[in-house]
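Take a look at the structure below.
The values are calculated or read from the model by the stated rules, or taken from the named source; none is laboratory data. In this text, all values refer to a predicted model and were calculated from it rather than measured experimentally. Please note: Cβ atoms are built from the backbone with ideal geometry, for glycine as well, and neighbour counts cover all protein chains shown. Ligands, DNA and RNA are excluded from the accessible area calculation, which covers all protein heavy atoms including side chains. Shrake-Rupley method; radii C 1.70, N 1.55, O 1.52, S 1.80 Å.
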Amino acid sequence: MAQKILIVEDELEIIKLVRAYLERAGYRVVSATDGQEALAVFRHEHPNLVILDLNLPGMDGLDVCRALRRQSDVPIIMLTARLEETDRLIGLELGADDYIVKPFSPREVVARTRAVLRRAEGEPVTPQVIAAGEISLDIPRRRATLAGQPLDLTTMEFDLLAVLAAHPGRVFTRMQLLEQVQEDAYAGYERTIDVHIKNLRKKLGDDPHNPRFIETIRGVGYRLLEE
Ligand code: CA
(Lines give C-alpha, C1' and ligand atoms only; values in the text may rest on other atoms or scores of the structure.)
Protein backbone atom coordinates (compact mmCIF):
# COMPACT_ATOMS: atom_id res chain seq x y z
CA MET A 1 0.00 0.00 0.00
CA ALA A 2 1.21 3.49 -0.82
CA GLN A 3 2.79 5.45 1.97
CA LYS A 4 0.87 8.45 3.17
CA ILE A 5 2.34 11.92 3.49
CA LEU A 6 0.75 14.77 5.46
CA ILE A 7 1.57 18.27 4.17
CA VAL A 8 0.93 21.11 6.60
CA GLU A 9 1.11 24.46 4.84
CA ASP A 10 -1.14 27.51 4.67
CA GLU A 11 -0.09 28.36 1.11
CA LEU A 12 -2.44 26.36 -1.06
CA GLU A 13 -0.25 26.73 -4.14
CA ILE A 14 2.60 24.95 -2.36
CA ILE A 15 0.30 22.15 -1.21
CA LYS A 16 -0.94 21.74 -4.77
CA LEU A 17 2.54 21.60 -6.26
CA VAL A 18 4.08 19.28 -3.69
CA ARG A 19 1.01 17.06 -3.73
CA ALA A 20 1.27 16.65 -7.51
CA TYR A 21 4.92 15.60 -7.35
CA LEU A 22 4.46 13.28 -4.38
CA GLU A 23 1.46 11.60 -5.97
CA ARG A 24 3.38 11.14 -9.19
CA ALA A 25 6.10 9.48 -7.10
CA GLY A 26 3.51 7.02 -5.79
CA TYR A 27 2.64 8.50 -2.40
CA ARG A 28 -0.81 9.23 -1.03
CA VAL A 29 -1.14 12.79 0.19
CA VAL A 30 -3.32 14.41 2.82
CA SER A 31 -3.05 18.06 3.83
CA ALA A 32 -3.85 20.59 6.50
CA THR A 33 -3.62 24.37 6.43
CA ASP A 34 -3.07 25.09 10.11
CA GLY A 35 -1.71 23.47 13.23
CA GLN A 36 -4.98 22.37 14.83
CA GLU A 37 -6.16 20.80 11.61
CA ALA A 38 -2.74 19.15 11.21
CA LEU A 39 -3.01 17.41 14.57
CA ALA A 40 -6.57 16.27 13.82
CA VAL A 41 -5.63 14.95 10.38
CA PHE A 42 -2.58 13.26 11.87
CA ARG A 43 -4.71 11.38 14.41
CA HIS A 44 -7.18 10.22 11.76
CA GLU A 45 -4.87 9.45 8.88
CA HIS A 46 -1.74 8.06 10.57
CA PRO A 47 0.62 9.37 7.88
CA ASN A 48 4.05 7.79 7.38
CA LEU A 49 5.72 11.21 7.18
CA VAL A 50 4.82 14.86 7.84
CA ILE A 51 6.03 17.81 5.79
CA LEU A 52 5.54 20.77 8.09
CA ASP A 53 5.77 24.46 7.28
CA LEU A 54 7.38 26.52 10.02
CA ASN A 55 5.31 29.64 9.41
CA LEU A 56 1.67 28.82 9.96
CA PRO A 57 -1.11 31.09 11.16
CA GLY A 58 -2.02 30.56 14.80
CA MET A 59 -0.15 27.61 16.22
CA ASP A 60 3.20 27.73 14.43
CA GLY A 61 5.22 24.89 12.97
CA LEU A 62 7.43 24.57 16.04
CA ASP A 63 4.43 24.00 18.29
CA VAL A 64 2.98 21.49 15.85
CA CYS A 65 6.32 19.68 15.72
CA ARG A 66 6.48 19.51 19.52
CA ALA A 67 2.90 18.31 19.75
CA LEU A 68 3.54 15.58 17.16
CA ARG A 69 6.69 14.51 18.95
CA ARG A 70 4.81 14.09 22.20
CA GLN A 71 2.61 11.45 20.61
CA SER A 72 4.65 9.95 17.80
CA ASP A 73 8.07 9.41 16.29
CA VAL A 74 6.72 9.99 12.77
CA PRO A 75 9.43 11.40 10.47
CA ILE A 76 9.04 15.16 10.06
CA ILE A 77 10.50 17.38 7.35
CA MET A 78 10.30 21.08 8.20
CA LEU A 79 9.83 23.73 5.52
CA THR A 80 11.46 27.02 6.37
CA ALA A 81 11.31 30.36 4.59
CA ARG A 82 14.89 31.39 5.28
CA LEU A 83 18.21 29.68 5.69
CA GLU A 84 18.79 31.45 9.04
CA GLU A 85 15.74 29.70 10.45
CA THR A 86 17.38 26.37 9.80
CA ASP A 87 20.10 27.14 12.33
CA ARG A 88 17.46 28.07 14.84
CA LEU A 89 15.61 24.83 14.23
CA ILE A 90 18.68 22.70 14.59
CA GLY A 91 19.52 24.59 17.77
CA LEU A 92 16.10 23.77 19.17
CA GLU A 93 16.61 20.08 18.58
CA LEU A 94 12.96 19.60 17.97
CA GLY A 95 13.40 16.21 16.56
CA ALA A 96 12.61 17.10 12.96
CA ASP A 97 14.32 14.68 10.62
CA ASP A 98 15.21 17.09 7.86
CA TYR A 99 14.80 20.70 6.76
CA ILE A 100 14.03 22.20 3.39
CA VAL A 101 14.53 25.89 2.75
CA LYS A 102 12.12 27.79 0.51
CA PRO A 103 12.10 28.31 -2.37
CA PHE A 104 12.58 24.61 -3.06
CA SER A 105 12.08 22.43 -6.08
CA PRO A 106 9.27 19.90 -5.69
CA ARG A 107 11.72 17.26 -6.88
CA GLU A 108 13.88 18.03 -3.90
CA VAL A 109 10.90 17.45 -1.62
CA VAL A 110 10.30 14.06 -3.23
CA ALA A 111 13.97 13.11 -2.93
CA ARG A 112 14.13 14.15 0.74
CA THR A 113 10.86 12.38 1.49
CA ARG A 114 12.25 9.16 0.03
CA ALA A 115 15.51 9.51 1.89
CA VAL A 116 13.88 10.26 5.25
CA LEU A 117 11.37 7.43 4.90
CA ARG A 118 14.16 5.04 4.01
CA ARG A 119 16.12 6.05 7.09
CA ALA A 120 13.02 5.81 9.26
CA GLU A 121 12.17 2.35 8.01
CA GLY A 122 15.55 1.30 9.28
CA GLU A 123 17.43 -0.06 6.35
CA PRO A 124 18.90 -3.39 7.28
CA VAL A 125 22.00 -2.69 9.32
CA THR A 126 25.00 -3.17 7.12
CA PRO A 127 27.42 -5.63 8.59
CA GLN A 128 31.00 -4.50 9.16
CA VAL A 129 32.41 -6.93 6.63
CA ILE A 130 30.50 -8.22 3.64
CA ALA A 131 31.81 -11.38 2.06
CA ALA A 132 30.34 -12.79 -1.14
CA GLY A 133 32.41 -15.56 -2.63
CA GLU A 134 35.86 -14.20 -3.39
CA ILE A 135 34.74 -10.63 -2.87
CA SER A 136 35.23 -9.13 0.56
CA LEU A 137 34.31 -5.60 1.65
CA ASP A 138 35.48 -4.05 4.89
CA ILE A 139 32.82 -1.37 5.27
CA PRO A 140 34.28 0.88 8.02
CA ARG A 141 37.72 0.86 6.40
CA ARG A 142 36.25 1.01 2.89
CA ARG A 143 38.60 -1.67 1.65
CA ALA A 144 37.63 -4.16 -1.00
CA THR A 145 39.47 -7.32 -1.95
CA LEU A 146 39.05 -9.99 -4.59
CA ALA A 147 40.54 -13.33 -3.62
CA GLY A 148 42.63 -11.47 -1.05
CA GLN A 149 43.96 -8.94 -3.57
CA PRO A 150 43.05 -5.30 -2.93
CA LEU A 151 40.67 -3.66 -5.39
CA ASP A 152 41.08 0.02 -6.16
CA LEU A 153 37.47 1.22 -6.27
CA THR A 154 35.93 4.68 -6.44
CA THR A 155 33.45 5.64 -3.72
CA MET A 156 30.54 4.94 -6.05
CA GLU A 157 31.92 1.58 -7.16
CA PHE A 158 32.55 0.53 -3.57
CA ASP A 159 29.03 1.51 -2.50
CA LEU A 160 27.46 -0.24 -5.46
CA LEU A 161 29.40 -3.41 -4.85
CA ALA A 162 28.48 -3.27 -1.16
CA VAL A 163 24.76 -3.08 -2.00
CA LEU A 164 24.97 -5.96 -4.47
CA ALA A 165 27.21 -8.11 -2.28
CA ALA A 166 25.01 -7.65 0.79
CA HIS A 167 22.18 -9.38 -1.12
CA PRO A 168 23.66 -11.99 -3.47
CA GLY A 169 21.11 -13.23 -5.97
CA ARG A 170 18.76 -10.33 -5.48
CA VAL A 171 18.03 -8.25 -8.58
CA PHE A 172 18.27 -4.49 -8.18
CA THR A 173 16.85 -2.02 -10.68
CA ARG A 174 19.09 0.86 -11.72
CA MET A 175 16.89 3.24 -9.76
CA GLN A 176 17.16 1.12 -6.61
CA LEU A 177 20.93 1.03 -6.93
CA LEU A 178 21.06 4.76 -7.54
CA GLU A 179 18.90 5.44 -4.50
CA GLN A 180 21.16 3.30 -2.36
CA VAL A 181 24.36 5.06 -3.35
CA GLN A 182 23.19 8.64 -3.95
CA GLU A 183 20.99 10.84 -1.81
CA ASP A 184 19.52 12.83 -4.68
CA ALA A 185 18.62 10.01 -7.02
CA TYR A 186 16.64 11.10 -10.05
CA ALA A 187 15.37 8.80 -12.75
CA GLY A 188 17.32 10.79 -15.33
CA TYR A 189 20.57 9.56 -13.84
CA GLU A 190 19.74 5.87 -13.82
CA ARG A 191 22.05 5.18 -16.76
CA THR A 192 25.08 6.41 -14.84
CA ILE A 193 24.78 3.13 -12.95
CA ASP A 194 25.68 1.31 -16.17
CA VAL A 195 28.95 3.23 -16.41
CA HIS A 196 29.90 2.42 -12.83
CA ILE A 197 28.97 -1.22 -13.29
CA LYS A 198 31.09 -1.38 -16.42
CA ASN A 199 34.10 0.01 -14.57
CA LEU A 200 33.45 -2.27 -11.63
CA ARG A 201 33.40 -5.29 -13.92
CA LYS A 202 36.69 -4.24 -15.45
CA LYS A 203 38.29 -4.06 -12.02
CA LEU A 204 36.81 -7.42 -11.03
CA GLY A 205 38.02 -8.94 -14.31
CA ASP A 206 34.42 -9.91 -14.99
CA ASP A 207 33.09 -10.72 -18.46
CA PRO A 208 29.57 -9.31 -18.91
CA HIS A 209 28.76 -12.02 -21.46
CA ASN A 210 29.86 -14.79 -19.14
CA PRO A 211 29.77 -13.21 -15.70
CA ARG A 212 31.28 -14.68 -12.57
CA PHE A 213 30.11 -11.82 -10.41
CA ILE A 214 27.73 -9.20 -11.78
CA GLU A 215 24.93 -10.36 -14.02
CA THR A 216 22.86 -8.00 -16.18
CA ILE A 217 19.16 -8.73 -16.00
CA ARG A 218 17.91 -7.37 -19.30
CA GLY A 219 15.30 -4.67 -18.98
CA VAL A 220 15.58 -4.73 -15.19
CA GLY A 221 18.99 -4.14 -13.67
CA TYR A 222 21.78 -6.08 -12.02
CA ARG A 223 22.55 -8.67 -9.45
CA LEU A 224 25.53 -10.30 -7.87
CA LEU A 225 25.59 -14.00 -8.68
CA GLU A 226 25.28 -16.39 -5.82
CA GLU A 227 28.10 -18.84 -5.46
CA1 CA B 1 3.43 29.39 5.55
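Brief remarks on what is shown
- FRET E, pair Arg142, Glu227, Förster distance 22 Å, beta-carbon r, rounded to 0.05: 0.40
- Where the chain is the region considered: accessible area per residue in Å², 1.4 Å probe: 54
- Chain lengthening between Ala120 and Gln36 when straightened (0.36 nm per residue, less Cα-Cα): 27.7 nm
- Cross-link partners of Lys4 among lysines (Cα-Cα below 16 Å; sequence separation of 8 or more within a chain): Lys16
- Relative contact order for the chain, counting Cα pairs under 8 Å that sit 6 or more residues apart, in percent: 13
- Each Cα pair under 8 Å and six or more residues apart adds its separation to the average, and for the stretch 129-224 the resulting relative contact order is 25 percent.
- Between Arg82 and Asn199, the simple label model (points 7 Å from Cα in the Cβ direction) yields a spacing of 4.2 nm.
- Burial ranking of peptide ranges 154-165, 195-206 (average Cβ count within 10 Å, highest at the top): 154-165, 195-206
- Gain in span if fully extended, Arg24 to Ala67, counting 0.36 nm per residue against the direct Cα distance: 12.5 nm
- Just the protein heavy atoms count here, and of the accessible area of the chain at 1.4 Å, carbon and sulfur take up 49 percent.
- Gap separating the Cα centres of the stretch 209-227 and the stretch 97-170, nearest whole Å: 19
- In the chain, the ratio of gyration radius to Kirkwood radius, Rg to Rh, stands at 1.07 when only Cα atoms are counted.
- Applying 0.36 nm per residue to the separation of Asp10 and Thr173 and subtracting their alpha-carbon distance, the gain on full extension is 54.9 nm.
- Distribution of pairwise C-alpha distances over the stretch 98-227, 10 Å bins, in %: 12, 41, 32, 12, 3, 0
- Mean residue ellipticity, 222 nm, helices only, the chain: the sum of -39500 (n - 2.57) across DSSP H runs of n ≥ 4, divided by residue count and rounded to 500, is -12500 deg cm²/dmol.
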